[in-house]
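Below is one structure, written out as structure tokens, with a few remarks after it.
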Amino acid sequence: CAIKAAQVLSEIAKNEEMKKQCIEADLVLTLIPLLESTDQEMLLHAGRAIGRICYGNRDLQEELVKVGVITSLVRILTDYAESEPLVHVDLLALRNLAELDTAKEALSKTKVAEQMVKQLRRAENHERLEIVFEVLQALAENDALKVQLVEAGVQEVLSEILLRLQDSSQAEDTCIVKAASDLIVSLLLGVSILSRLENSQGKETLDSKICMINFYYVYLSHLLGFASSDGNCVRMVQLGVIHQLLDLLEKHVESGDVSVQHAALSALRNLAMPVVNRVQVLEEGVAERIHALLRSEMSPVQYKLLGTLRMLADGQADAAEILGQDPMLLNRLVQWCSANDHSSVWGEANRLLASILRHNRSQEVVKAIQEAQGVKHLVSMTTSEHAAMQNEALNALAIASAIDLETLEESFKESQLVQSLHKLLQDDNTSPEVKYNSMGLLCSLLNSGDLRQEIEDDRIKETLEELCSHSNASVVKEAVTTLQVLRRET
């Protein structure tokens, strides 16, 4: 009659008043031995009864852990992994108990991580996934269990889930992505997962590393749209994730492992988005650690590296000065500025060069870029088909001219900068902002006797007079100002 009795108890324990009577009658301790049964129906009803009686009662839950119920639950999950009803009851029990520190300690001595990863793979509906995620989140609060989860391959499953659902707009899928993201944060914070993976051997481990990095940057990309993302990024940098990523990158430059390099650089770029992170990244000497990465011949890696460095330089004079005085970086940049067969790399290289000049205030940086023969590429960039790149180049050259026009004068003449600016001012298709910035640069060039002569010889004055009747007020104002400077009236 034990099975029938357990079934009756599981039903009456739904009622709060009857639950109290079950507790007073010490029925929990009577039911626990039934969890050692090999009869699935017995296990199902006994598990339900225990779960319902103990739900919300911390003292009883602590008692369950003391008498070894954790071992029974993990055994059931292992032996009957294909039984949906039993697994459901077992997961609910683990969800309730896993909040207890004593339960986490007991679970760390079992193979629960391996079984939970299996259940995560098997989960086919949102309800099951949510329960599994709740259990995993509780387990990830324990350092020993975090490591066990990674060794069991949880990163691979999470990567698959995130990559599968990241573009979904369904509310249920969004909840799953959020749950997976929260779990990733728990895994990454407080334990050196990347180092543990890197120290392992074999192809399976390499796949795990790729998945770990992949879900890492997918998570970051997902959170960047939310106000809380900066806090998580800052926390990760504080815990040294940047150097773990760089260690991983450097070890895979020679092997040409594009997947790892590309994914890690994506994560690195996202981590550098909060301004406070850029400062810390510079203080930790990350800019000096990029030399190995500059050797990469893989265009996707080159593109990601350039974007990351441009992110670091954006608005940071210190970063611009560090990058702008690195001969190896500047030489590589100039090479990439000529990489016409890879337009994305060409564009990012030119934009980084312009960014270094725009955000720096150092005469040494101007001289270093001049010596690396980077000026001609910035002049060429002023005629780009993209207005954003044109403006970046014009502003960079104007700032550099204000800092040290004498150093740049010869390069400007050789690259025919004056003539390029005149064409921009004459072209009706040139945007008002580009015209405005072109005249701003002209004003700087007028401080050079030779360049002033070129401007006068090219009859730019007539073009400026025509622009005084332009439809854009800012263009008109700048044309008047430039004419005044040209006539030496100011």
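Using r as the Cβ-Cβ distance of Gln363 and Gln335, and R0 as 35 Å, what FRET efficiency do you calculate, to the nearest 0.05?
Given R0 = 35 Å and the Cβ-Cβ separation, E is 0.90.
Order Glu478, Glu321, most accessible first, counting only protein heavy atoms with a 1.4 angstrom probe.
These residues rank, largest area first, as Glu321, Glu478.
Tell me the label-point distance for the pair Asp428, Asp143, using the 7 Å Cα-to-Cβ offset, in nm and rounded to one decimal.
7.2 nm
If you place +1 on the Cβ of every Lys and Arg and -1 on the Cβ of every Asp and Glu, how big does the dipole about the Cα centre of the chain come out, in debye to the nearest 20?
400 debye
What part of the accessible area of the chain, given as a whole %, is carbon or sulfur when the probe is 1.4 angstrom?
Carbon and sulfur together cover 47 percent of it.
Under the rule a/c < 1.5 gives rounded, and otherwise a/b versus b/c splits prolate from oblate, where does the chain land using the Cα gyration tensor?
prolate
How high is the FRET efficiency between Leu163 and Val234 when r is their beta carbon distance and R₀ equals 25 Å, given to the nearest 0.05?
My answer for the efficiency is 0.50.
Can you compute the modelled spin-label distance between Glu127 and Val8, with each label point 7 Å from Cα toward Cβ, in nm?
Roughly 2.8 nm, to one decimal.
Working from Cα positions, state the angle (0 to 90°, nearest 10) between the long axis of helix 126-139 and the longest principal axis of the chain.
90 degrees
For region 94-110, in order, what is each residue's ³J(HN,Hα) by Karplus, 6.51 cos²θ - 1.76 cosθ + 1.60 with θ = phi - 60°, in whole Hz (x at glycine and Pro)?
For region 94-110, the Karplus-derived couplings read 5, 4, 6, 7, 5, 5, 7, 4, 5, 5, 4, 4, 5, 5, 5, 9, 10 Hz, x marking Gly and Pro.
What is the spin-label model distance, in nm, from Arg459 to Asn447 if the labels are put 7 Å beyond Cα along the C-beta direction?
Here the answer is 3.0 nm between the modelled labels.
How do 152-158, 110-116, 82-88 rank on mean C-beta neighbours within 10 Å, highest first?
Per-residue Cβ counts within 10 Å, averaged per peptide and sorted highest first, yield 152-158, 110-116, 82-88.
Which entries in the list Lys146/Lys251; Lys66/Lys104; Lys376/Lys461; Lys178/Lys251; Lys66/Lys109; Lys19/Lys104 go over 20 Å, if you measure between the two C-alpha atoms of each?
Lys146/Lys251; Lys376/Lys461; Lys178/Lys251; Lys19/Lys104
Tell me the angle of helix 432-445 to the major Cα principal axis of the chain, expressed in degrees between 0 and 90 and rounded to the nearest ten.
That helix lies at roughly 50 degrees to the long axis.
Would you work out if region 296-423 is rounded, prolate or oblate? Take a ≥ b ≥ c from the square roots of the eigenvalues of the alpha-carbon gyration tensor; rounded if a/c is under 1.5, else prolate when a/b is larger than b/c, oblate otherwise.
oblate
Need the full-extension length gain, Asp26 to Glu466, defined as separation in residues times 0.36 nm minus the C-alpha distance. One decimal, nm.
Here the answer is 148.7 nm.
At 1.4 Å probe size, with every protein chain present, just tell me what the per residue accessible area of region 1-109 comes to in Å².
That works out to 51 Å² for each residue.
Using a 1.4 Å probe and ignoring any ligands, DNA or RNA, find the accessible area of Arg452 and quote it in Å² to the nearest 10.
My reading of the accessible area for Arg452 is about 30 Å².
What is region 308-404's relative contact order, in percent, from Cα pairs under 8 angstrom and six or more apart in sequence?
30 percent
The values are calculated or read from the model by the stated rules, or taken from the named source; none is laboratory data. Just so it is clear, the structure is predicted and the values come from calculations on it, not from any experiment. Positions of Cβ are generated from backbone atoms using ideal geometry, with glycine treated the same way; all protein chains shown enter the neighbour counts. To get the accessible areas, we keep the full protein, side chains included, count just its heavy atoms, and leave off ligands, DNA and RNA. Shrake-Rupley method; radii C 1.70, N 1.55, O 1.52, S 1.80 Å.
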